[in-house]
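Participant: Handing you this structure, nothing more for now.
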Amino acid sequence: MDLHAITSPVIQDRVAMEEFADVLIDRAPEIERDVARLKKTPGDRELTAELFRAIHNIKGDASLCKFELGSAIAHPIESMMSRFRDGEIPFSDLLSELILLAVDRLELATEALLSGRTIEHLALPELLAGLQQLADASAGEVEQHCAKLIESVTGFPPVIPDVSSRQPKVSAGRCNDVKVNADLQFFRTLAQQYESRSPLFKGRTMRILRLALETNRTAGARVDARQLEAAVYLHDVGMMLLPESIWLKVGKMREQDKLTLRNHPGFAAGLLQRMPGWEAAAEMVAQHHEMPDGQGYPDALTANAICDGAKILAIVDAFEAVMLKHIHRGKNRSVLRAIAEINACDQQFAPEWITPFNAVIRKTVEA
């Protein structure tokens, strides 16, 4: 494998490359979601097949677009997923972290190449060489190789949560997994219905989901990923029970309309409260407009009374709103503007979650 040629690519077909980038933007959040779920239920063969298929499709898309870097990153990951599917290796925290890191590097590289920016800072030669070694490693060497490669690419040793400190899981069997996945699919359908009300909302849910999950993971996965996913899907669905003239209005909003708008978190939270197992998500939805200084709504809660999931959701939801507001300025300008606004609102958001959020966002703008 000629690492130099792969990591110093020349775009042969820009239209094809842009199509690959568009597909990757859609697939990356799905991979993140599937990885989070598979960590919870590693015995789910259907979910394993979905993740394997997603990686395989990225490799195929890259091949069609003659983007050798995409194929070179996806192929060894596909090999590792095949070994996991065959029961040869476990789906560990380190392996899942490495998969997400590799997909993230591919996204950053693709965006940088299309923007004419350097990709030297992404440590792609180290990533590709390490992935190839990992694919050929014995089962007993996989964890060591994962840890070494993560540190080589990022400059930091991986931090894996202490399994012994986790609360014991309730063993409910396959039946419970099916129910959870069915509920999440239902919640996602509702979110898609909300998105369909305006062309500006297209892709909004998955962008927020990705930011929320990455921010949570960066901070040590302090919030249950599936509860957070449910909260992301439903946090704004209550808007659909309000007059569209209020929440789709462009321009300045009347005070009475603002008061009416404050009812929307309660509607979605009420739905979750009535579904067994989603109490934590309900709390996140109900509190996602609360502020640490007590100036939020509906209950004017202060910092210690607001749950971590709601704090994450408040930040990523606001970031998406600012991005939408400034979208006419162009993508890169919008990101920088959104970061500036979020960090300037030191009383509106929980400071302990701003730092991991910044770490996630920084990866998309540094070059």
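The values are calculated or read from the model by the stated rules, or taken from the named source; none is laboratory data. The shown structure was predicted, so the numbers you read here are calculated from the model rather than taken from an experiment. Neighbour counts run over all protein chains shown; Cβ positions are idealised from the backbone, glycine included. In case anyone asks, the SASA skips ligands and DNA or RNA and just uses the protein heavy atoms, side chains included. Shrake-Rupley method; radii C 1.70, N 1.55, O 1.52, S 1.80 Å.
Participant: What's the number of the condition I55 fails, among (1) among the β-branched types (V, I, T); (2) modelled with pLDDT of 90 or more; (3) more than 22 Å from the chain's Cα centre (by Cα)?
Facilitator: (3)
Participant: Next question, about the same structure. Report every pair of residues separated by at least 6 positions or lying on different chains whose Cβ atoms are under 8 Å apart, first residue within segment 50-73 and closer than 16 Å to R105 by Cβ and free of Cβ contacts under 8 Å to residues at least 40 places away in the same chain, second among the aromatic types (F, W, Y) and crowded, with 17+ Cβ neighbours inside 10 Å.
Facilitator: none
Participant: Every residue in segment 269-321 that is buried (at least 16 other Cβ atoms within 10 Å of the Cβ) and small (G, A, S), please.
Facilitator: Selection gives A269, G277, A280, A281, A282, A286, G296, G309, A310, A314, A318.
Participant: Could you list all residues from segment 107-141 that are free of Cβ contacts under 8 Å to residues at least 60 places away in the same chain and open to solvent by 30 Å² or more (accessible area, probe 1.4 Å)?
Facilitator: G116, E120, E126, Q133, D136, S138, A139, G140, E141
Participant: Further question on the same structure: Can you name the residue in segment 134-146 that is in a helix (DSSP H, G or I) and out of contact with any helix residue (DSSP H, G or I) (no Cβ under 6 Å at 6 or more places or on another chain) and is also nearest to G87 (Cα to Cα) among such residues?
Facilitator: A139
Participant: When segment 113-133 is examined, which residues are found to be under 13 Å from P9 (Cβ atoms) and either assigned to a helix (DSSP H, G or I) or at pLDDT 90 or above (or both)?
Facilitator: L113, L114, E120, L122, L124, P125, L128
Participant: Turning to a different aspect of this structure: How about segment 244-263: which of its residues are within 29 Å of the chain's Cα centre (by Cα) and at pLDDT 75 or above? Reasoning before the result, please.
Facilitator: In the first step, residues of segment 244-263 are kept if they are within 29 Å of the chain's Cα centre (by Cα); the result is 244, 247-250, 261-263.
The answer is L261, R262, N263.
Participant: I'd like to know if segment 233-243 contains one or more residues that are surrounded by fewer than 14 Cβ atoms within 10 Å (Cβ to Cβ), in a loop (DSSP other than H, G, I, E, B) and at pLDDT 90 or above.
Facilitator: The answer is no, given that none of the residues of segment 233-243 is surrounded by fewer than 14 Cβ atoms within 10 Å (Cβ to Cβ), in a loop (DSSP other than H, G, I, E, B) and at pLDDT 90 or above.
Participant: Would it be correct to say that E19 is part of a helix (DSSP H, G or I) and under 24 Å from V178 (Cα atoms)?
Facilitator: no
Participant: Is it the case that some residue within segment 198-206 is modelled with pLDDT of 90 or more, under 17 Å from the mean Cα position of the chain (by Cα) and open to solvent by 60 Å² or more (accessible area, probe 1.4 Å)?
Facilitator: no
Participant: Check S82, S63, S8 and return the single one that is polar (S, T, N, Q) and under 28 Å from Q144 (Cβ atoms).
Facilitator: S82
Participant: Scan (1) surrounded by fewer than 19 Cβ atoms within 10 Å (Cβ to Cβ); (2) in a helix (DSSP H, G or I) for the single condition E97 breaks and write down its number.
Facilitator: (1)
Participant: F84: in a helix (DSSP H, G or I), open to solvent by less than 20 Å² (accessible area, probe 1.4 Å) and aromatic (F, W, Y), yes or no?
Facilitator: The answer is no for F84.
Participant: Please tell me if I77 is more than 15 Å from V142 (Cβ to Cβ), open to solvent by less than 70 Å² (accessible area, probe 1.4 Å) and modelled with pLDDT of 90 or more.
Facilitator: It is false that I77 is more than 15 Å from V142 (Cβ to Cβ), open to solvent by less than 70 Å² (accessible area, probe 1.4 Å) and modelled with pLDDT of 90 or more.
Participant: Give the number of residues within segment 272-320 that are part of a helix (DSSP H, G or I) and within 24 Å of the chain's Cα centre (by Cα). Let's see the steps before the verdict.
Facilitator: Residues of segment 272-320 part of a helix (DSSP H, G or I): 272-273, 279-287, 303-305, 308-320.
From what is left, the residues that are within 24 Å of the chain's Cα centre (by Cα) are 272, 279-287, 308-320.
The qualifying residues number 23.
Participant: Name, by its number, the condition in (1) in contact (Cβ under 8 Å) with a residue 24 or more places away in the chain; (2) of a type in the set (A, V, I, L, M, F, W, C); (3) surrounded by fewer than 20 Cβ atoms within 10 Å (Cβ to Cβ); (4) assigned to a helix (DSSP H, G or I) that does not hold for I11.
Facilitator: Among (1) in contact (Cβ under 8 Å) with a residue 24 or more places away in the chain; (2) of a type in the set (A, V, I, L, M, F, W, C); (3) surrounded by fewer than 20 Cβ atoms within 10 Å (Cβ to Cβ); (4) assigned to a helix (DSSP H, G or I), I11 violates only (4).
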